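Novice: Here's a structure for you.
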Amino acid sequence: TALRAYAAEGHPPDVVVHHANRLLMDMETDLFATCAYVDVDLEEGSAWCVRAGHLAPVLRHPDGRTEIVEAEGGPPLGVMRQADFPMSPLRLQPGTVIALTTDGLVESAEADIDAGMDRLAHELARLDPAHLGLVADALLVGARRSDDIALLLMRYDGMAVRPLRESWTVWRVPEAVGHARRFTRRTLRTWGVPAQGIDAVLLVVSELVTNALVHTDGRVRLDLTLVNDRLRVAVADASPRTPVKPTSISWEATGGRGILLVEAMSATWGTVPVSGGKQVWSEIALGG
């Protein structure tokens, strides 16, 4: 739960694991836990691995070769307060399978962990990665049940369409919203978005940027991402407070309709924590 919470705040993997370790130490119990954390960038085909006393990932490359990743590691969580948890880079080609497991799968009275990891890598090499459920079943056949077993498999398939991305830093000037609208209109025209779809996007941009400028301090950033016919508008600010959708607005009210307009114009919208602040996002379907 702690790892998920720190990851949701937008921290890099080494910071997430460091914070989780500190939290466990502060609990002043005899508890400890091992951890393997892999953060995958699906667009770039890259990943970062952090280990805390846990087994390294096993990679199955597209040509069938397997590799036990030589990733540096730190001690288990809850053992040393000043522990270091270095990040190790991974390069993924489309078709690569990442396997993470616990020692219950690879260690037994007859074989040590190293032999068990070699056996896992050999089995993974001979299996067809097209159906990961069948791969998992095959790897678990004959596993001893004297210890808990966890197995996680992921296949990186690459991206058929690379997203188009542009960002704009919103300066706190009287014309800030107008500048954001002009940036958005210019970007969408460059991307070939039809003119009839731009007005709805500009309205969402206006409301999200205005909300950030009025209700927060510090830097505001506008991000646009286009994948196929779906546009994501995201505005990040320095406040962790999530915007609240009003339940009712009287006819004479002069404010409070911004989030309702965003909801009406969006296929979906939401907010996520980002590095001490938040990002409010909206996805708009541009297709007919």
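The values are calculated or read from the model by the stated rules, or taken from the named source; none is laboratory data. Since this is a predicted model, take the numbers as computed values, not measurements. Using ideal geometry, Cβ is built from the backbone for each residue, glycine included, and neighbour counts are taken over all protein chains shown.
Novice: Residues R65, R81, R51, R91: which one is over 27 Å from H122 (Cα atoms) and basic (K, R)? Spell out the reasoning first.
Specialist: On the way: R65 fails: over 27 Å from H122 (Cα atoms); R51 fails: over 27 Å from H122 (Cα atoms); R91 fails: over 27 Å from H122 (Cα atoms).
Only one candidate qualifies: R81.
Novice: Picking from R155, R181, which residue would you name as being buried (at least 16 other Cβ atoms within 10 Å of the Cβ) and more than 25 Å from V274 (Cβ to Cβ)?
Specialist: Numbers: R181 fails: more than 25 Å from V274 (Cβ to Cβ).
None of the other options fit; the residue is R155.
Novice: Going by the structure shown, is A121 over 20 Å from D14 (Cα atoms) and either among the β-branched types (V, I, T) or surrounded by fewer than 18 Cβ atoms within 10 Å (Cβ to Cβ) (or both)? Quick ask: steps written out before the conclusion?
Specialist: Details: over 20 Å from D14 (Cα atoms): yes; either among the β-branched types (V, I, T) or surrounded by fewer than 18 Cβ atoms within 10 Å (Cβ to Cβ) (or both): no.
The answer is no for A121.
Novice: Based on what the data block shows, is A176 touching a residue at least 12 places away in the same chain (Cβ under 8 Å), aliphatic (A, V, I, L, M) and not assigned by TED's automatic domain parsing to the domain that holds T96? Break it down into steps so the answer makes sense when it comes.
Specialist: Details: touching a residue at least 12 places away in the same chain (Cβ under 8 Å): yes; aliphatic (A, V, I, L, M): yes; not assigned by TED's automatic domain parsing to the domain that holds T96: yes.
Judged against the criteria, A176 is a match.
Novice: Give the number of residues within the range 194-215 that are buried (at least 18 other Cβ atoms within 10 Å of the Cβ) and more than 18 Å from L261 (Cα to Cα).
Specialist: Final tally of qualifying residues: 0.
Novice: Among L90, L100, L153, which is the only one that is within 16 Å of L55 (Cα to Cα), at pLDDT below 95 and not small (G, A, S)?
Specialist: Values: L100 fails: at pLDDT below 95; L153 fails: at pLDDT below 95.
Checking each option against the conditions leaves just L90.
Novice: Quick one: is V15 of a type in the set (V, I, T), touching a residue at least 40 places away in the same chain (Cβ under 8 Å), closer than 14 Å to S88 by Cα and not in a loop (DSSP other than H, G, I, E, B)? Before you say what the answer is, go through the steps one by one.
Specialist: On the way: of a type in the set (V, I, T): yes; touching a residue at least 40 places away in the same chain (Cβ under 8 Å): no; closer than 14 Å to S88 by Cα: yes; not in a loop (DSSP other than H, G, I, E, B): yes.
Considered against the rule, which asks whether it is of a type in the set (V, I, T), touching a residue at least 40 places away in the same chain (Cβ under 8 Å), closer than 14 Å to S88 by Cα and not in a loop (DSSP other than H, G, I, E, B), V15 comes out as no.
Novice: What number of residues within the range 174-200 are basic (K, R) and over 21 Å from R219 (Cα atoms)? I'd like the intermediate steps shown before the answer.
Specialist: Pass one, the range 174-200, residues basic (K, R): 181-182, 185-186, 189.
When the remaining residues are screened for being over 21 Å from R219 (Cα atoms), the result is 185-186, 189.
Counting residues in the range 174-200 that are basic (K, R) and over 21 Å from R219 (Cα atoms) gives 3.
Novice: Keeping to the range 152-175, report how many residues are of a type outside the set (V, I, T), in contact with a strand residue (DSSP E or B) (Cβ under 7 Å, 6 or more places away or on another chain) and either more than 20 Å from R232 (Cα to Cα) or assigned to a loop (DSSP other than H, G, I, E, B) (or both).
Specialist: Step one: list which residues in the range 152-175 are of a type outside the set (V, I, T), which gives 152-160, 162-168, 171-172, 174-175.
Now restrict to residues that are in contact with a strand residue (DSSP E or B) (Cβ under 7 Å, 6 or more places away or on another chain): 152-156, 163-168.
Filter again for either more than 20 Å from R232 (Cα to Cα) or assigned to a loop (DSSP other than H, G, I, E, B) (or both), leaving 152-156, 163.
The qualifying residues number 6.
Novice: I'd like to know if the range 96-119 contains one or more residues that are closer than 30 Å to W191 by Cα and not assigned by TED's automatic domain parsing to the domain that holds L208.
Specialist: Within the range 96-119, none of the residues are closer than 30 Å to W191 by Cα and not assigned by TED's automatic domain parsing to the domain that holds L208.
Novice: Select from the range 107-150 the residues that are modelled with pLDDT of 90 or more, assigned to a loop (DSSP other than H, G, I, E, B) and β-branched (V, I, T) and list them in ascending order.
Specialist: I149
Novice: Let me ask something additional. Give the residues of the range 1-12 that are under 24 Å from S46 (Cα atoms) and either out of contact with any His (no Cβ under 7 Å at 6 or more places or on another chain) or in contact (Cβ under 8 Å) with a residue 60 or more places away in the chain (or both), sorted by residue number. Explain how you work it out, then say what you get.
Specialist: Of the range 1-12, the ones under 24 Å from S46 (Cα atoms) are 3-12.
Correct list: L3, R4, A5, A7, A8, E9, G10, H11, P12.
Novice: Something else about it: Any idea which residue in the range 73-115 is nearest to M25 (Cα to Cα), counting only those that are surrounded by 14 or more Cβ atoms within 10 Å (Cβ to Cβ), in contact with a strand residue (DSSP E or B) (Cβ under 6 Å, 6 or more places away or on another chain) and of a type outside the set (A, V, I, L, M)?
Specialist: Going through the qualifying residues, I end up with P76.
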